[in-house]
Each structure stands twice: as C-alpha cells, then as structure tokens.
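A quick write-up on the structure given underneath.
The values are calculated or read from the model by the stated rules, or taken from the named source; none is laboratory data. This structure is a prediction, so every number in the text was calculated from the model and none was measured. Please note: Cβ atoms are built from the backbone with ideal geometry, for glycine as well, and neighbour counts cover all protein chains shown.
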Amino acid sequence: MVAKRKADSLADSGREKIVKLEAELENGQSSLNNIVHLLDLAASDDLDTLEQAQRSLYKVFKRLISLKKLEKPAGEVPTIVTWLRERYGEYTRLLLDSINHKKASVQLAAITLSLRLLKVDPLNANVGQFPVDAYGKIVRAILTASNLHESTRYTFRNDYLEPFDDLRYYFYRACEQTVQATKTRGSKLHVCRDNSIGLLSALVSFPDKDEEIVKFWLSESTTKSSLRTVSGHKKAFSEAWIAVLSFKLTEDQYKAILNMMHKRIIPRLPRPQLLMDFLTDSYDVGGATSLLALNGLFYLMQHHNLDYPKFFEKLYALFDAQTMHVRYRSRFFRMVDIFLNSTHVSAMLIASFLKRMSRLSLSAPPAAIVTILPLTYNLLKQHPSLMPLIHNPDGAAGNDPFDADETDPEKTGAMQSSLWELQSHTMHYHPNVATLAKILSEQFTKIGYNLEDFLDHSYTTMTDAEMRKRLKNQVPTATDKPAGLLSPEGILIW
C-alpha cells in the first residue's frame, strides 16, 4: 500500500512537471530547452507520465509548426531552426519506437499522434502531395512491431484504414515495400508476415468506382493520380498481397487466406493469373488446404482459362474418409457438383467419382450421406449411360471390379461396378438417410434435387429436425417403471 501511494505521488509530480514545462514553452524561445526535458519524460517507465509527455510534445510542436519555427528561411539556416528540427526528429522516432511498446494504450496513442503529425508537418511533403516517406515509416513500425496488440491492429484498421481512401491506398504500397525490405534484411520475418496478413485479410473497404474515392485523411491535389482511380487501388492491393504471399505461411494462415481468396482477393486483382502458382501449390498440399484452394482455382479456370494438368486426378485423390468429416465439406461438395456437371467431363470419369463417394459413404456421417445421395441422383439423371451403376447385379459387394486403390479415375473399373453401398443405406439407422437412399431404387421422375438443401446438415441440424417432428401416434413405453439397470434375473434392461 505504501509502495502504491509512493508510485501515485511520483506520477502526480511527473504530471505537474509536464504541465509546467509545457506552459513555460508557450512563453517564448527562452524556454525551448524544456523540449529536451519533455523528451526524457516521454520515454519514462511510468505509463501516465510517458503518455502525457508525448501528448504535450505533440501540442508543443504543433504550435511551433503553426508559427513556422521549423521552416528554413531563405539564405543561411539559423541554428535554432536546425536544433528544433533535430528535436522534432527525436520526437517522431520516439513515437515510432512506442508503437512496439508492451502496452496497447501506448501503441495506439503513438499511432494516433504520428498520423496527426502528418496533417500539420510541412517537412513531410510538398503542398498537395501525400507524405509517402513519413507514412511509410509509420506503417513499417506497425508491421514490424513484435508486441503489436490485436486491439491496436483492430483500431488502426477500423478507425484509419477502412474509412480513409488515401491511408488505405498508401498502406498497400507501404506494406509491399516493408515486406520486401524485411525479406532482404532477413529479420522479423514472422512478425512482418503475421501483422501484414492480420491487417490485409481483415480490410473490407474497397472502391468499385472512381467516384467513390472521396474521403481522405489529408487534403489531396485535385490532379488525376493513381490514388483517385480504382485501377490504382487494385494495383497497390495486388502488389501488397503478392508480396505477402511470398512468405512461408503457417497452415492456419493458408486456410484463412484461401477461405477468402475467391471473394475478397481475386476479384480485386488486375491480373488474377499472378495467383496461379500460389493456388496450384496450395492445391498440391493436400487435406483441407487443397479443399479450400478449389474455389480460387475454379475462378481462374472459369474466367482466366487456367490450365491445370491432371486436375480431376487430383480432385479424385481429395475424396478420402477425412473429407467426409472436415468443416469445409459443404464447400467441397459445391465445387465437386460444379466440376462434375461440366460438359467436358467423360461418363467414365463421373462413374469413378460416384463409386468413390459411394464407397466412402459406408464410413461417413449421416450429414455427408444425405449430400452424396442427391448429388448421385442428379449426376445419374444427367448421364443416363450411367444407369447400369444402380442396376448391375454383377457389381455387387462380393464381386466388385472397382479398384479403390487406383489413383487414376480413368482406370478404376467403376463402369463395370455398381453403387451397392448406397443401396445398403436403405437400412441405415438414421431415418432420414434410410428414406433418402430409396430414391435410387425408384423411378427417376424428379428433374433433380437442389443440392443446397442438403449441404449444410450436421448431427445437430438433423437431430433438431427429428426433435421438432410431431408424432402421429403415441410412442410405446414400458408399463412399469424400472427400478434399476438390471432385472431381478440380472439381465440388462433396455
């Protein structure tokens, strides 16, 4: 308790000292040495003293700048101007260092003060031009801050990057430059990668038309520039992402980026083909990463004529027991439905996929089976030549010519097999699965099923649906309440 009172007393004295030093500075040049004392206090171990001194220095330099005390006059530069500019440089460097402070409040205050200085500092740039170098130093400090808090990152993005077109545009450019410089130095690679991805992947704002680029942190020249065009923003956005994707990513980062790739990255790139290597490498990784890469690959194949050798062979390999259980299963089946409905896919290839799904359904959860069954129905309806797969007694379980270990879907022997595995689900323990499995043994009078109605099922949704059902008849129950788990004869009571 005594220690706390002593600390509070020291903090109070520090605040009083700061107020006094700032007040004296307003009296004129004779007290300019107070800036040195304030700089010392701005690096204090006491957080209150540090933050107040930094805010006080901002007000001091803002006033000096407004009085043009830091501007070079024509002819010989007075010593006092040089000295003030040196102290101002110390202050800006101190703020940049504070961005890596352990406390989030100090980080955020340093970013806020640094950005405010851009508005008042005539040393940053010529009139009507954005202070690229000064802002680049701020971005570099943020991206390479090893102690950067998530709350700091969120506030910087939400309060500055999202609403202001110029800060966001020049952030893309500074991000690309910082990544390249960091990779050249070979230090803080993971820090720069994590902070860059954290900010870039969370940014939502992006102009669709030139006329939407109207909100600026700093007043801009009215002349046409890349800042004021959507194409300019796309170019800066693209360069930033391409630089970041050159890092060695963690599995979680791979998944997070691929998860948003087709919606928030590829459509904003002037040349989406630049992501071809990244997506094909991701597709070759296997597992959930490959599943997530499908959306981006499909976009490039559909809109930019990407040619991926042995694409269907790789897609076939993705069908394994794990695929039936992953959280991205519904997205995977959406893409499979699109790919297999292509007119360029042979019946033999589709037969292999149907048989592969059929075999995997034996160990799949009910939610996966109720997706496989309508997908199978739709593909059989579209390809009547495959109807023998559900009317082929020679391809039964005991005499199945299908080679489950064959990796080439053109050589599996699926055309000589049958989908007996799906027929077995008519006896499935889950009533929804058993009922749906009967569609393959009935007349194919239905045009087709909307796969979206089946994709997002899970144990929870299927159980909830059963719980909501109204019973037509009362469920039979025991007439006598059991007294325990075992009967008097020692038999387990069910």
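Remarks
- Residues (among the aliphatic types (A, V, I, L, M) and closer than 17 Å to residue 456 by Cβ) located in segment 349-388: 364, 367, 368, 369, 370, 372, 373, 375
- In segment 462-474, the count of residues that are in a loop (DSSP other than H, G, I, E, B), surrounded by 12 or more Cβ atoms within 10 Å (Cβ to Cβ) and in contact (Cβ under 8 Å) with a residue 12 or more places away in the chain is zero.
- For segment 411-440, a tally of residues being touching a helix residue (DSSP H, G or I) at 6+ places or on another chain (Cβ under 7 Å), of a type in the set (Gly, Ala, Ser) and touching a residue at least 40 places away in the same chain (Cβ under 8 Å) returns 3.
Here is a yes/no grid of residues against (1) touching a strand residue (DSSP E or B) at 6+ places or on another chain (Cβ under 8 Å); (2) crowded, with 20+ Cβ neighbours inside 10 Å; (3) on the phi > 0 side of the Ramachandran plot; (4) charged (D, E, K, R):
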position	(1), (2), (3), (4)
165	no, yes, no, yes
173	no, yes, no, yes
181	no, no, no, no
196	no, yes, no, no
215	no, no, no, yes
234	no, no, no, yes
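- Residues in segment 51-98 that are closer than 22 Å to residue 111 by Cβ and either basic (Lys, Arg) or touching a Gly at 6+ places or on another chain (Cβ under 9 Å) (or both): 52, 53, 55, 59, 62, 63, 87, 93.
- Residue in segment 72-85 that is under 40 Å from the mean Cα position of the chain (by Cα) and not small (Gly, Ala, Ser) present: no
- Extreme residue, modelled with the highest pLDDT, among residues of segment 217-229 that are surrounded by fewer than 18 Cβ atoms within 10 Å (Cβ to Cβ) and either closer than 25 Å to residue 261 by Cα or in contact with a strand residue (DSSP E or B) (Cβ under 7 Å, 6 or more places away or on another chain) (or both): 229
- When residues of segment 295-310 are limited to those that are in contact with a Leu (Cβ under 8 Å, 6 or more places away or on another chain) and part of a helix (DSSP H, G or I), the one modelled with the lowest pLDDT: 295
- Looking only at residues of segment 367-395 that are in a loop (DSSP other than H, G, I, E, B) and farther than 21 Å from residue 433 by Cα, we find that the one that is modelled with the lowest pLDDT is 392.
- The C-beta contact set for segment 247-269 (first residue part of a helix (DSSP H, G or I), second residue crowded, with 16+ Cβ neighbours inside 10 Å and charged (D, E, K, R), distance under 9 angstrom, 6+ apart or interchain) comprises 253/193; 253/194; 259/331; 268/234.
- Which numbered condition residue 8 fails, given (1) closer than 23 Å to residue 109 by Cβ; (2) modelled with pLDDT under 90; (3) not in a helix (DSSP H, G or I): (3)
- Boolean, residue 330 is touching a residue at least 40 places away in the same chain (Cβ under 8 Å) and part of a helix (DSSP H, G or I): yes
- Looking across 59, 103, 72, one residue alone is more than 30 Å from residue 148 (Cα to Cα) and out of contact with any strand residue (DSSP E or B) (no Cβ under 9 Å at 6 or more places or on another chain). It is 72.
- Of the residues making up segment 356-366, those that are out of contact with any Ser or Thr (no Cβ under 8 Å at 6 or more places or on another chain), among the small types (Gly, Ala, Ser) and assigned to a helix (DSSP H, G or I) are 361, 363.
- Boolean, residue 185 is of a type outside the set (S, T, N, Q), more than 16 Å from residue 241 (Cα to Cα) and within 19 Å of the chain's Cα centre (by Cα): no
- Tally of residues being touching a residue at least 60 places away in the same chain (Cβ under 8 Å) and either farther than 20 Å from residue 131 by Cβ or among the charged types (D, E, K, R) (or both) across segment 206-241: 4
- Lone unmet requirement of (1) within 21 Å of residue 64 (Cβ to Cβ); (2) modelled with pLDDT under 95 for residue 113: (2)
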